[in-house]
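> Please read through the structure below; I'll follow up with questions.
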Amino acid sequence: MPRDTRVRKSLGTLHTRIKESRVLMVGAGGIGCELLKNLVLTGFGEIHIVDLDTIDLSNLNRQFLFGMQHIKKPKAIVAKETAGKFNPNVKLFAEHANIKDAKFNVKWFKSFNLVFNALDNLDARRHVNRMCLAADVPLIESGTTGYYGQVQVIKGGETECYDCVPKPVPKSFPVCTIRSTPSQPIHCIVWAKSYLFAEVFGTSQESSPELDPSENSENAQEIANLKREAEELKNIREKISSPDFAKCIFEKVFTRDIERLLSMEDMWKTRTPPKPMDYTTVSSSAAHVSGSYLAKDDQRKWNLAENFAVFADSTKRLAKRMLALADGEVLSFDKDDEDTLDFVAAAANLRSILFEIESKSKFDIKQMAGNIIPAIATTNAITAGLCVLQAFKVMRNDLKNAKMVFLNKSTERVITAQNPAPPNKYCEECGVDRVAVEANVEKATLGDVVKKVVRERLGYKGDISITTKGRTLYDSIDFDDDVDSTLKELGFAEETFITVVDEKDDDEEDKEDQEMKDADAQEKGKRVNVVIAISHNPEVDLITTPPPIKIRLAPPKLVEPEPTTSTSATATNGNGKHTIDLDVEEVTEISEVSEGPSFKKRKIEVLGEDKVGPNKMSKKDSSAEGDETVAPLNDTVVVLEDEGVITID
Amino acid sequence: MACTTPNGAPSSKEKKYDRQLRLWGANGQNKLEAAHIALFGASATGCEILKNLVLPSVGKFTIIDDKIVTEADLGTNFFLDEESVGKSRAERTAALLEELNPDVKGAFMNDSLSNLLSSKPELFKPSTSPFTHIIVVSPFSTPDILQLSPEIPTFLVHSLGWSIVLRIMAPTRCIVETHPDSLADLRLFNPWEELTALAVEKTKGLDKRASEGGMDNYEHGHVPYVLLLLKYLDDWKAEHNGQYPSNYKEKNEFKAMLLDKMRTDVPGGSEENYEEAAAAIMKNLKQADISSDAKEVLEDPRCINPTADLENFWIITNAVRQFRDSPAQGAGLLPLSGGFPDMKAESKSYVELQNMYRTRAQRDAALVLENAQATLSKLGRDPESITLEEVSLFTKHSNFIRRINYRPLTCEYSLPCDDHHRRTVIDALNNWDTEESLIHDYIAIRAFQEYYSTIGRFPGAEDKGLKKDQEMLEAFAGDYLKTLDYIGGLADRTKNLVQEVVRAGGSELHVIASFAGGMVAQEIVKVITQQYIPVNNTVIFDGIQSKTAVFEF
């Protein structure tokens, strides 16, 4: 009996389609390892793997394609080697690369029948979502955190896309909260990691994603002071070879800077003022404490003397490493690098102590500073299994029976499934029309794009603006400075997306206009945004014109933004928003999944009768929240129809 | 043990298991590493389950299987390679699974469940068995599984075609760390003296402007919402004959009263602490209650009259019961959890309030410990055998503790049919959603199990005789329904699922095996670590609908 007999029996005709398919898997981590095994043993013909990560010890509790001997090697390559052995009939290709690289362009994405996202960050997820929409390739998106998991089928124009529901953005804190008026442990941890560590051992960070400079206008003078302080701190680096290095840092940030803060009397009228620390007192209290030994005791909260000992010891260790580095090289914070973690944990706690804020154990600080998401093999296995089951629906062109699946820790139902939601008309990623042109970016100017493509070909008459990656290139009302610049000068590369926004005010438009489809009516209504993909082609004279398209009209302006709850992880205290609870699903920032069932709740409307098949039972009046809805079921039973014909050859 | 070496230094092991320690802690990890799992049936499903237990580091496993590896195995089982063909399946899978994690010890036996039940019965007696947990993967026969002891946690798994059925059989599970979403318990209707005093003190001048000697805007906007609620509840009671707002209407009136006191002439036009207070009203304005899960535990005979041989869990629940019943202690309430939510406040006043709850929780835990130690003495056990740490973990969770009494397997298969079982199946068949209920998967798989028990091979294994096998399975399904006195006959959906079982011919689909591996191992981990709540007692997955259902058979 040949090896694929069993799969053929169960999949029927679909098996052939799977054998001939070419799929892409982005990410070879927790879900990726499981998924790759499933894809290989299901017999997908050609599988491409892209991942930019290398293997770490903490991956081995779940990423079973890797062993101790693979630590520090590229995930994509090792995954391919290990999994490849298990089915000689499958062609595997692996790239140790960032999926955002220019070479992975729309054309490349178009070469796949299906894309799987097995990623761990929001940014890459959104990128792949965008590329799949542009290439019109179905995407299976997945994520896990602890016991939670989620699988979503995305097909441009037919289902919701990844960005149809806004995702919670990573937390940031006002600069002043971090630098002058912390009130919670996380403020001190961010201070130690993104300010103190970065200034002393790393790359000075004028702007860290965790610091929000926009909220500082109320106190311009304080900002200036802070800048000077940071400058002084940077200068301390010169003393790195001195045996007093730890003392220098200590007296700077825990004594002098605090004294200066105290002198800002207004600041402490209603707040508890911090207490500057005295080096001699603290260091003598810690005379008999071994910092290197203590650093290993990470579950317990250290006291003042203990924190000091770890601070002094880790500073020594880091200084030694700094001195061994080549010129221009610096250290960077890594939660798995004990020296950097010890320094951040001890410094954060010292600051907490002088501000009378609760201190934290090193174990907890590791999670808060490193954005650690709990992860286990079981959740990944379930999630990856669901990805492949959804892939079967997509490959069968049976999107209506595909499901959006949530995995949760409730025991009444292990998983909940719901029908994929229709696209959000207001979504900036998929609620757009798309065209593609080729241009010689060294010759063509922005003016050529505006005139030849946007005005003449796409027929825009009124006011428009053009943006790329959130930057305005052109605005017919007040910004045409760059019309004579070549696209290359404007930063256009091999493939660049620009968005044309119809700036027509739609307030006075009659509703009926929206329904009208003919070209004349289009002139009356406001159009949806149009994304133009411009690829560089040196053989083109200037710019090609796209085939004629009918641009859809924008939906009426949204009065109230759609309610999406994302409050589970945020709470407030003092003057900054933050999270202090360390429960598994409440993480301070978003990493392995960007949203789970806990983040995402929404109303599901039962399909109206007109949208449902003729023989279907409808659950009237049941709109559920994040709960299961019932797929339209034909009276004939699903199983056999669904699975195709029995083919036993 | 697992994570920490004697001097408290973390090992590289701790780093390796860091991501899961954040789910179940050193406690859970130690339990996992003390487990010895027996797997009967080295099918793809069996190996995928074991894989997900070997990776997080169970202590030991033993694979029992009497098959020889075939070419077809390679197509579904990731833990077999070309070299394995023709060799012992137990030996090869044990070797390849052991390679996954050097911290885990693997063993194998070329044998079968049926055979061992008679040849080595000591393997299955709780007092002599080396196994702490047993996994049996289909095919298995009904008489065999009925011989398994309900005292050893056992996981029976079918993974056939597109369906998975997991049945858990285990002695009573007592779970303290159920990991609820929040442990916060504000006791707004049941404040203790010190809390009331703090609320009075901290809300002085709340409703007066700074110019009239009251609070300035900054202070006013930073009074923690819990104190706001306590203060305004007092005001409300003064106007309502000492009664709390109890129903929806009154709570809304209370909310309006509270929001009326919010200062709106401040930047932003509203105060966050007042908004937080308003948002907390519906959920938190209530009498401190005891959850039905906790009540169930407190009414268990083992709690009411614990005996010396019982686990600490029952001694502590008894101590909590005493706490509840003592007017000087809980006076009808459970110990306070000490959990406290985040809120808008000045750091100092937040910590003060948080400590108020913590101190009360510590006081409650200390009282429970006293009760427990007195009970231990009375029972002739060492009073020090229960620690404050153990009690504190318990009192933190006392409103969320769970007891699961697993129904024995014998009830599921008894003749005449057990009444509970009969009702469970018939209710599902008669329910409005019967069309898509997974009860049909259960009936089809049950028919499969009867076929296998009677005929000794898979239905549909041979291409000839498919029709006959279908008829036989339908007959087994029909017989089963008859034992339930179900008069509806075989539903079309059951028939179709039976056909699907015949079509599978006893074969597995890798993706279903892999899903089963995750789902079953997850439940096993919950049972081993005694954390989170495992399924009671059967979970069914339908791979076509991507849907699960839980039944207590």
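The values are calculated or read from the model by the stated rules, or taken from the named source; none is laboratory data. Source: prediction; values computed, not measured. Heads up, the Cβs are rebuilt from the backbone with ideal geometry, glycines too, and the neighbour counts pull from every protein chain shown. Heavy atoms of the whole protein, side chains included, go into the accessibility calculation; ligands, DNA and RNA do not. Shrake-Rupley method; radii C 1.70, N 1.55, O 1.52, S 1.80 Å.
> Could you look through segment A:436-459, keep only residues that are open to solvent by less than 10 Å² (accessible area, probe 1.4 Å) and in contact with a helix residue (DSSP H, G or I) (Cβ under 8 Å, 6 or more places away or on another chain), and pick out the one that is farthest from residue A:156 (Cα to Cα)?
Here the residue is A:439.
> Would you check if residue B:231 is out of contact with any Gly (no Cβ under 6 Å at 6 or more places or on another chain), at pLDDT below 95 and of a type in the set (Lys, Arg)?
no
> Looking only at segment B:320-335, which residues are under 24 Å from the mean Cα position of the chain (by Cα), surrounded by 24 or more Cβ atoms within 10 Å (Cβ to Cβ) and in a helix (DSSP H, G or I)?
Result: B:320, single match.
> Scan segment A:408-428 for residues that are touching a strand residue (DSSP E or B) at 6+ places or on another chain (Cβ under 9 Å) and more than 9 Å from chain B (Cβ to nearest Cβ) and report the count.
Within segment A:408-428, residues that are touching a strand residue (DSSP E or B) at 6+ places or on another chain (Cβ under 9 Å) and more than 9 Å from chain B (Cβ to nearest Cβ) number 6.
> So, one more: Report, by residue number, each residue of segment B:8-35 that is facing another protein chain (nearest Cβ under 8 Å), modelled with pLDDT under 80 and in a loop (DSSP other than H, G, I, E, B).
Passing the criteria: B:8, B:9.
> In segment B:69-95, how many are buried (at least 24 other Cβ atoms within 10 Å of the Cβ) and among the basic types (Lys, Arg)?
2
> Sticking with this structure for a sec: Within the bounds of segment B:371-389, is there any residue that is touching a helix residue (DSSP H, G or I) at 6+ places or on another chain (Cβ under 7 Å) and open to solvent by 70 Å² or more (accessible area, probe 1.4 Å)?
Applying the first criterion (touching a helix residue (DSSP H, G or I) at 6+ places or on another chain (Cβ under 7 Å)) to segment B:371-389 yields B:371-373, B:375-377, B:382-383, B:385-386, B:388.
With the extra rule that they be open to solvent by 70 Å² or more (accessible area, probe 1.4 Å), the set shrinks to B:382, B:388.
Taking every residue of segment B:371-389 in turn, at least one turns out to be touching a helix residue (DSSP H, G or I) at 6+ places or on another chain (Cβ under 7 Å) and open to solvent by 70 Å² or more (accessible area, probe 1.4 Å).
> Can you say whether residue A:353 is open to solvent by less than 20 Å² (accessible area, probe 1.4 Å), assigned by TED's automatic domain parsing to the domain that holds residue A:253 and β-branched (Val, Ile, Thr), as far as the supplied structure shows?
No: the conditions fail for residue A:353.
> A further question on this structure: Being of a type in the set (Asp, Glu), open to solvent by 10 Å² or more (accessible area, probe 1.4 Å) and at pLDDT 95 or above is the filter here; which residues of segment B:336-370 pass it?
B:370
> Also, quick follow-up: Out of the residues in segment A:302-335 that are among the acidic types (Asp, Glu) and at pLDDT 90 or above, which is nearest to residue A:348 (Cα to Cα)? It would help to see each step written out before you state the result.
Residues of segment A:302-335 that are among the acidic types (Asp, Glu), as a first pass: A:306, A:313, A:327, A:329, A:334.
From what is left, the residues that are at pLDDT 90 or above are A:306, A:313.
Numbers: A:306: 13, A:313: 15 Å.
Per the criteria, the residue is A:306.
> Moving to a separate point now. Determine whether residue A:392 is open to solvent by 10 Å² or more (accessible area, probe 1.4 Å) and among the hydrophobic types (A, V, I, L, M, F, W, C).
Values: open to solvent by 10 Å² or more (accessible area, probe 1.4 Å): no; among the hydrophobic types (A, V, I, L, M, F, W, C): yes.
Considered against the rule, which asks whether it is open to solvent by 10 Å² or more (accessible area, probe 1.4 Å) and among the hydrophobic types (A, V, I, L, M, F, W, C), residue A:392 comes out as no.
> Regarding segment A:364-374, can at least one residue be identified that is open to solvent by less than 20 Å² (accessible area, probe 1.4 Å), modelled with pLDDT under 90 and more than 12 Å from chain B (Cβ to nearest Cβ)?
Yes; the residues of segment A:364-374 include at least one that is open to solvent by less than 20 Å² (accessible area, probe 1.4 Å), modelled with pLDDT under 90 and more than 12 Å from chain B (Cβ to nearest Cβ).
> Which of the residues that make up segment A:118-138 are part of a helix (DSSP H, G or I) and under 23 Å from residue A:385 (Cβ atoms)?
Result: A:124, A:125, A:128, A:129, A:132.
> I'm checking my understanding of the structure. Among residues of segment B:476-514 that are touching a residue at least 12 places away in the same chain (Cβ under 8 Å), more than 14 Å from chain A (Cβ to nearest Cβ) and in a helix (DSSP H, G or I), which one is surrounded by the most Cβ atoms within 10 Å (Cβ to Cβ)?
Ranking the candidates gives B:477 first.
> Determine whether segment B:301-320 contains at least one residue that is in contact with a Lys or Arg (Cβ under 6 Å, 6 or more places away or on another chain) and among the polar types (S, T, N, Q).
Scanning segment B:301-320 turns up no residue that is in contact with a Lys or Arg (Cβ under 6 Å, 6 or more places away or on another chain) and among the polar types (S, T, N, Q).
> Would you mention how many residues in segment A:265-300 are in contact (Cβ under 8 Å) with a residue 40 or more places away in the chain, out of contact with any Asp or Glu (no Cβ under 7 Å at 6 or more places or on another chain) and more than 14 Å from every other protein chain (Cβ to nearest Cβ)?
So the count comes out to 1.
> Here's a check for you: in segment B:418-443, which residue that is in a helix (DSSP H, G or I) and over 27 Å from the mean Cα position of the chain (by Cα) is farthest from residue B:541 (Cα to Cα)?
Residues of segment B:418-443 in a helix (DSSP H, G or I): B:419-430, B:434-436, B:439-443.
Narrowing further to those that are over 27 Å from the mean Cα position of the chain (by Cα): B:430, B:435.
Working: B:430: 20, B:435: 15 Å.
Residue satisfying both the conditions and the ranking: B:430.
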